[in-house]
Amino acid sequence: MPIGRIERIERAVFRAIDEINQARAREQRLEKSSDTVLMGESGRLDSLGLVNLVVAVEEQVAEEFGVTINIADTRARLQTANPYQTVSSLVEYIASILARDPNG
């Protein structure tokens with residue numbers, strides 16, 4: 001059975017997490033789980049950590065789907081829910097970008 005779009009996006013996000021975790025202290029590493037909180041009170045990312053994750057995710061999505069997307073644009077700020085809150089919300093936001101414009 002072919003892997004679905006959401007699973008492919010999640011896999012790309014997890015690869016990005018692996019990438020940024022290499023530069024983080026063990027106790028500051030992000031778990032590869034859809035429930036992982038990225039930002040906010042219980043999140044592990046500061047603003048620089050978020051920028052690093054965004055860049056890594058954009059690169060991994062480009063590799064996985066062959067398209068360039070921008071997940072840190074005006075659309076992200078206009079969302080009613082923070083797309084950077086959890087891994088799951090980030091995956092859903094990326095899926096919505098790809099659904100709107102499959103070419104990035």
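The residues of the range 54-91 that are in contact with a Pro (Cβ under 8 Å, 6 or more places away or on another chain) and surrounded by fewer than 18 Cβ atoms within 10 Å (Cβ to Cβ), listed by number, are 67, 76. From (1) modelled with pLDDT of 95 or more; (2) part of a helix (DSSP H, G or I); (3) over 12 Å from the mean Cα position of the chain (by Cα), pick out the condition that doesn't hold for residue 99. Of everything listed in (1) modelled with pLDDT of 95 or more; (2) part of a helix (DSSP H, G or I); (3) over 12 Å from the mean Cα position of the chain (by Cα), residue 99 misses just condition (1). Contact annotation: residue pairs with Cβ atoms under 7 Å, 6 or more positions apart or on different chains, pairing a residue in the range 82-96 that is within 13 Å of residue 58 (Cα to Cα) with a partner that is aromatic (Phe, Trp, Tyr), are 90/84.
Just so you know, in the range 1-50 the residues that are of a type in the set (Val, Ile, Thr) and at pLDDT 95 or above include one that is farthest from residue 96 (Cα to Cα), and it is 20.
Take residue 55 and tell me if it is out of contact with any Leu (no Cβ under 7 Å at 6 or more places or on another chain), without any contact (Cβ under 8 Å) to a residue 12 or more places away in the chain, over 17 Å from residue 100 (Cβ atoms) and of a type in the set (Val, Ile, Thr). Answer is yes for this residue. With a requirement of 1 or more residues that are within 11 Å of the chain's Cα centre (by Cα), the helices (runs of 4 or more DSSP H) lying completely within the range 1-79 that satisfy it span 5-21, 47-65. Filter the range 24-42 for residues that are closer than 23 Å to residue 9 by Cβ, touching a helix residue (DSSP H, G or I) at 6+ places or on another chain (Cβ under 9 Å) and surrounded by 11 or more Cβ atoms within 10 Å (Cβ to Cβ) and give the result. Correct list: 24, 29, 30, 31, 32, 33, 34, 36, 37, 38, 39.
The values are calculated or read from the model by the stated rules, or taken from the named source; none is laboratory data. Keep in mind the model is a prediction, meaning the values are calculated, not measured. A quick note on method: Cβ atoms are made from the backbone with ideal geometry, for glycine too, and the neighbour counts reach across all protein chains shown.
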